[in-house]
Amino acid sequence: MAKVLVVTSGKGGVGKTTSTAALGAALAQSGQSVVVVDFDVGLRNLDLVMGAERRVVFDLINVVQGIAKLSQALIRDKRIETLWLLPASQTRDKDALTEEGVARVIKELRAKFDWVICDSPAGIERGATLAMRFADAAVIVTNPEVSSVRDSDRMIGLLDSKTEKAEKGQRIEKHILITRYDAARAARGEMLSIEDVLEILSTPLLGIIPESEEVLRASNLGSPVTLSNAASAPARAYLAAARRLKGEDVPMTIPNGKKGLLDKLFGRRAA
Amino acid sequence: MSIFGWFRRRSSAPVARERLQILLAHERGVRGQSDLLAILREEILAVIEKHVPIERDNVQIKMDRGDAVSTLEIDVEVPNSAGLLLSA
C-alpha cells in the first residue's frame, strides 16, 4: 500500500529538500521503492541535491499537462535502483499546476511505488497547498527557532483543514523533524529545546537532525547525506527517522555533533 | 560584557518559548474563530432571511475575545420596508 508523504515547513531554508532527499534515499536503502517529487515549480532544487540535474528531460508540469508520460519524466537514481526522482519545471510557474492534474499524477505514482515523497515549496501558495493536498502523512521540518516554529504551527493548521484527508474527516499523520539542532547550544539555554518545540506544536517527533557540515558537503556532491556519508551524525539521524516512518520503534537519541568540554558537561543523550 | 549580560544571553531560549506560546495561542484563536464566525454568520443569516429580506453585505458579525468572557456582536441592517413588516 503506497504512502504519500509531504515534506513541508512554511518557512524557507529549514531543510525540506535536504530532508526529502535524505529520507527518500534512506527508505530506498532499506529496500522500499521510492519516488521523490519536486513541487517547487520555477525554483527546483531537488534534482541538484540528488545529483540528477543533468538528466532532467521532462518534468512534473509536462506530466500534469499531458505533454509527457510519467515514465518519460521519472529519473532513476544512479546509486540506488529503487529510488526515483520526478523533477519540477524550472521555466514555468506554480499556476501551471492544476489540482486535477496533480491528483492524476499522484494516483499513478501510488500504483508504482511504496513511497511518494512530495518536496513542498516554502510558503502557503498553490505549490505548497498542492504538495500536501493528497498526502497521507506529513513531515514538518522545523528549526529550533521562533519563526520556523511559528510557520510550522501554521502548516499544521493547513494540514488539518486543507488536505483531501482532512476534508473527508480523516486524520492526516503528522511528524515533526527537527533540523539544524545544536545540542550544546540548547543545553546552554541559547536555543529552543526539543521539549519546547514539541510542547508548543503538540505533534510527535520523527527525528532530530544535528547541525552538521556533512549536510553541506552532501549537497555540494549532489548526494543525499545518507549516501554520501552513512556513518555521519545527520545520516544516522535520517536513517533512524526513515525507520520510524516505516512504523519501527527506534529509540530517539539527541545527536551530539561536537565533542567539546561544554558538550561533555551539558550535552545530554535521551533514552 | 558584565556577568549579568552573560546571564541574559544564557536565557534567550525561555524568552523564545514564552513569546511563541503567547503568539500561537492568539493565532490559533484567530484561526478557529474565523471558521466559527463563518458558520455563525451563515446560520444567523439563514434564520433572518426566513422572515425578512436582507442584504448579505449589510450584516456584520464580530467576536471579541476577553479574558473572562467573549462577546458576539451581530449588526444587521434591515431595510425600512422590511422594518414596516416587522412592526406590522
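The values are calculated or read from the model by the stated rules, or taken from the named source; none is laboratory data. Note that the structure is predicted; figures quoted are calculated from it, not measured. Reconstructed Cβ throughout: ideal geometry from the backbone, glycine too, with neighbour counts over all protein chains shown.
Answer with yes or no whether A:ALA96 is surrounded by fewer than 21 Cβ atoms within 10 Å (Cβ to Cβ) and over 28 Å from A:ARG171 (Cα atoms). For A:ALA96, the condition - surrounded by fewer than 21 Cβ atoms within 10 Å (Cβ to Cβ) and over 28 Å from A:ARG171 (Cα atoms) - is met. Can we say A:ALA111 is free of Cβ contacts under 8 Å to residues at least 40 places away in the same chain, surrounded by fewer than 18 Cβ atoms within 10 Å (Cβ to Cβ), outside any loop (DSSP other than H, G, I, E, B) and out of contact with any Ser or Thr (no Cβ under 8 Å at 6 or more places or on another chain)? The answer is no for A:ALA111. A:ILE117 satisfies every condition listed in (1) within 12 Å of another protein chain (Cβ to nearest Cβ); (2) under 18 Å from the mean Cα position of the chain (by Cα); (3) within 20 Å of A:LEU5 (Cα to Cα) except (1). Of the helices (runs of 4 or more DSSP H) lying entirely inside segment A:169-224, those containing at least 2 residues that are within 12 Å of chain B (Cβ to nearest Cβ) and modelled with pLDDT under 95 are A:183-187, A:194-201. Inside segment A:134-168, can you point out the residues that are of a type in the set (S, T, N, Q), within 12 Å of another protein chain (Cβ to nearest Cβ) and over 27 Å from A:VAL225 (Cβ atoms)? Hit for segment A:134-168 is A:SER161, nothing else. Restricting the first residue to segment B:1-30 and requiring it to be away from chain A (no Cβ under 11 Å), which pairs with a second residue that is at pLDDT 60 or above meet a Cβ separation below 8 Å and a spacing of at least six or different chains? Going by the 8 Å Cβ cut-off, the qualifying pairs are B:GLY29/B:ARG65. Taken over segment A:135-166, the residue count meeting the criterion of being in contact with a strand residue (DSSP E or B) (Cβ under 7 Å, 6 or more places away or on another chain) and in a helix (DSSP H, G or I) is 6. For segment A:207-222, filtering for residues that are closer than 16 Å to A:ALA25 by Cβ and under 15 Å from the mean Cα position of the chain (by Cα) leaves 4. If you go through segment A:225-271 one residue at a time, how many are in contact with a Gly (Cβ under 8 Å, 6 or more places away or on another chain), modelled with pLDDT of 95 or more and either in a loop (DSSP other than H, G, I, E, B) or not hydroxyl-bearing (Ser, Thr, Tyr) (or both)? Result for segment A:225-271: 5.
Let's see how each residue does on (1) under 19 Å from A:ALA233 (Cα atoms); (2) among the hydrophobic types (A, V, I, L, M, F, W, C); (3) buried (at least 24 other Cβ atoms within 10 Å of the Cβ):
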position: A:THR17; (1), (2), (3): yes, no, yes
position: A:VAL34; (1), (2), (3): no, yes, yes
position: A:VAL41; (1), (2), (3): no, yes, yes
position: A:ARG44; (1), (2), (3): no, no, no
position: A:GLY51; (1), (2), (3): no, no, no
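Residues in segment A:6-63 that are among the charged types (D, E, K, R) and touching a Lys or Arg at 6+ places or on another chain (Cβ under 6 Å): A:ASP38 alone.
The residues in segment A:116-134 that are part of a helix (DSSP H, G or I), in contact (Cβ under 8 Å) with a residue 60 or more places away in the chain and more than 20 Å from A:LEU245 (Cα to Cα) can be counted, and the count is 3.
Total residues in segment B:6-26 satisfying the condition of being at pLDDT 80 or above, surrounded by fewer than 14 Cβ atoms within 10 Å (Cβ to Cβ) and of a type in the set (D, E, K, R): the figure is 2.
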